[in-house]
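The values are calculated or read from the model by the stated rules, or taken from the named source; none is laboratory data. Everything quoted here is computed from the prediction, not taken from an experiment. Here the Cβ is made from the backbone with ideal geometry for all residues, glycine too, and neighbour counts use every protein chain on show. Please note that ligands, DNA and RNA were not included when accessible areas were found on the heavy atoms of the full protein model with its side chains. Shrake-Rupley method; radii C 1.70, N 1.55, O 1.52, S 1.80 Å.
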Number of protein chains: 2
Amino acid sequence: MNLLLLDKTDFTGPDSVSITGRRFMHVKKVIRAKVGTGLSCGLINGKMGTGKVTHWDKNGFRMDVALDREPPEPLPLTLVIALPRPKMLKRILQSAASLGVKKIFLINSWRVEKSYWQSDLLDGEKLERHLRLGLEQAKDTIMPALYLERYFTSFVKKDLTRMGKGKKCILAHPKTSQACPVGVSKETILVIGPEGGFIDLEVDTLAEAGFSPFNMGPRILRVETAVTALIARLFPS
Amino acid sequence: MNLLLLDKTDFTGPDSVSITGRRFMHVKKVIRAKVGTGLSCGLINGKMGTGKVTHWDKNGFRMDVALDREPPEPLPLTLVIALPRPKMLKRILQSAASLGVKKIFLINSWRVEKSYWQSDLLDGEKLERHLRLGLEQAKDTIMPALYLERYFTSFVKKDLTRMGKGKKCILAHPKTSQACPVGVSKETILVIGPEGGFIDLEVDTLAEAGFSPFNMGPRILRVETAVTALIARLFPS
């Protein structure tokens, strides 16, 4: 945790907050803060700054905060990804959030195992927890928007076609010779398939929606490695 | 597993192998192979090709193989990384191997917890297992060389200084304004610090050894995300 994320409900006054629960335990055990300790903090979807611990007891702590800086610029990227297995999804959400992605669609695909859609993880709050961990890691406050789309064809034909207008629309796909673009400045939608890739029919549907396939080189990467590698190539800031 | 890695000891004839143990269980349960199934395979540190299952029983299977293709080109990169916590190390070894890194040094640093050096994982065979998983994922056969270096100062002053001659020597370090290079063609040594970064003295020692610091942008990434993102930027093939 490099930034303590604050909620509006943490505020007890205009410039003071009270922190309990998970964040308190982390600040206690890992950061080992005490009265007087300064901490980086930021209001969720708001400004960032610093806080100073003013009171400490066994249930939580209070802090005076001064939030005066804007969070880092978001990436101009929408990430559309076939739902991975839950354990991998956690890490992907954390790393995507830490890299500055602000819009993520988890979609169905022929090779997505049906059981993944039954995972407890897909409860809104649990997903949000992993996005928060990514923001806390990266020192950012803007919570990514996350959408679940169980119907591949209607999502691609209707929503993705509409969303893609005027944007760079690309699709990671091994069976093509086009290399991954590097250093994109335009607003981009990146589609990444499941382990084993999209089936041909899905690739065709995405192509009709305006998505150009590119390959990632001679090596096959795990989805979580591919997500980070592709974002890093597209936006090597 | 996208490639079945073969050892010399698997061969029962010039073009036939016998597979038992972990690889057998994977091929049985995940790939669900049977007599006649074709599998991508490759000899460790040798050529790649295909195999066809000729015999199957409850303890293993036999396969005829034709190995006629070279593995993908290695990255011209040496990765030097402060020893991360064991769980993260596993994933870093897998992803670095899958990305084509062939030389990895795990080094000590002020902020590396001493207990990490006591981890069971640091037994040679266990480390190699994770590198193998990366090769099997990526379809590669060349096993990365892995070195453990517990003495930061002597390693950097002697070995790293010597190794760096004629190479591009760079160091990921947040406290600098230089951006990460993109698309390097020269043989490169990339040094990545621990969570929390190298201390100033370590950065100075690395600078004396010829390493130029660069920063990774406004966001702080976990080491495992940073490793993948940096390799992808340096070598966006």
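At a glance:
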{"item": "Gyration tensor (Cα) of the protein assembly as shown, equivalent ellipsoid semi-axes in angstrom", "result": "38, 30, 22"}
{"item": "Which listed pairs, of B:LYS103/B:LYS168; A:LYS90/A:LYS186; B:LYS29/B:LYS103; A:LYS28/A:LYS126; A:LYS28/A:LYS139, have C-alpha distances above 21 Å, in listed order", "result": "A:LYS90/A:LYS186; B:LYS29/B:LYS103; A:LYS28/A:LYS126"}
{"item": "Minimum 20 Å² accessible area buried by the other protein chains, the stretch B:58-75 residues, probe 1.4 Å, relative to alone", "result": "B:PRO72"}
{"item": "Summed side-chain charge close to A:GLY36 - residues other than A:GLY36 whose Cβ falls under 13 Å, Lys, Arg +1, Asp, Glu -1", "result": "+3"}
{"item": "Drop in accessible area of at least 30 Å² in the complex versus isolated chain, residues of the stretch B:219-237, 1.4 Å probe", "result": "B:ARG219, B:ILE220, B:LEU221, B:ARG222, B:THR225, B:THR228, B:ALA232, B:ARG233, B:PRO236, B:SER237"}
{"item": "Residue (of B:LEU106, A:LEU122, A:VAL203) at the positive-pole extreme of the protein assembly as shown, dipole from beta-carbon charges", "result": "A:LEU122"}
{"item": "The stretch A:151-237, relative contact order in percent, only Cα pairs under 8 angstrom and at least six apart counted", "result": "42 percent"}
{"item": "Cα shape, the stretch A:77-234, gyration tensor, a/c 1.5 rule", "result": "rounded"}
{"item": "Ranking by accessible area, most exposed first, for A:SER237, B:SER98, B:SER18 with a 1.4 Å probe", "result": "A:SER237, B:SER18, B:SER98"}
{"item": "Computed [θ] at 222 nm, deg cm²/dmol, chain B (DSSP H ≥ 4; -39,500 (n - 2.57); rounded to nearest 500)", "result": "-7500 deg cm²/dmol"}
{"item": "Calculated label separations, A:ARG162, copies of the chain, 7 Å along the beta-carbon direction, nm", "result": "6.6"}
{"item": "Among B:PHE24, B:GLY46, B:THR9 - extreme Cα towards positive end, dipole of the stretch B:4-69, charges at beta-carbon", "result": "B:PHE24"}
{"item": "In Å², nearest 10: area of B:GLU187 left accessible to a 1.4 Å probe", "result": "80 Å²"}
{"item": "Spatial separation of Cα centroids for the stretch A:2-44 and the stretch A:203-237, in angstrom", "result": "38 Å"}
{"item": "Assigned charges on the beta-carbon of Lys, Arg, Asp, Glu; chain A dipole about Cα centre (debye)", "result": "480 debye"}
{"item": "Packing-based order for A:155-163, B:148-156, using average beta carbon neighbours within 10 Å, highest first", "result": "A:155-163, B:148-156"}
{"item": "Dipole magnitude of the protein assembly as shown about its Cα centre (Cβ charges: Lys, Arg +1; Asp, Glu -1), debye to nearest 20", "result": "440 debye"}
{"item": "Percentage relative contact order, chain B, counting C-alpha pairs under 8 Å, at least six apart", "result": "20 percent"}
{"item": "For the protein assembly as shown: accessible area per residue (Å², 1.4 Å)", "result": "47 Å²"}
{"item": "Accessible area buried at the A-B interface, both sides summed, 1.4 Å probe (Å², nearest 100)", "result": "2700 Å²"}
{"item": "Relative contact order, percent, the stretch A:25-131 [alpha-carbon distance under 8 Å, six or more residues apart]", "result": "19 percent"}
{"item": "Average partner coverage of A:181-193, which counts Cβ from other chains inside 10 Å", "result": "1"}
{"item": "Rounded, prolate or oblate (a/c below 1.5 giving rounded, otherwise prolate when a/b exceeds b/c) for the stretch A:4-69 by Cα gyration tensor", "result": "prolate"}
{"item": "Rounded, prolate or oblate (a/c below 1.5 giving rounded, otherwise prolate when a/b exceeds b/c) for the stretch B:1-140 by Cα gyration tensor", "result": "prolate"}
{"item": "Carbon + sulfur, % of accessible area of the protein assembly as shown - ligands and nucleic acids excluded, 1.4 Å", "result": "50 percent"}
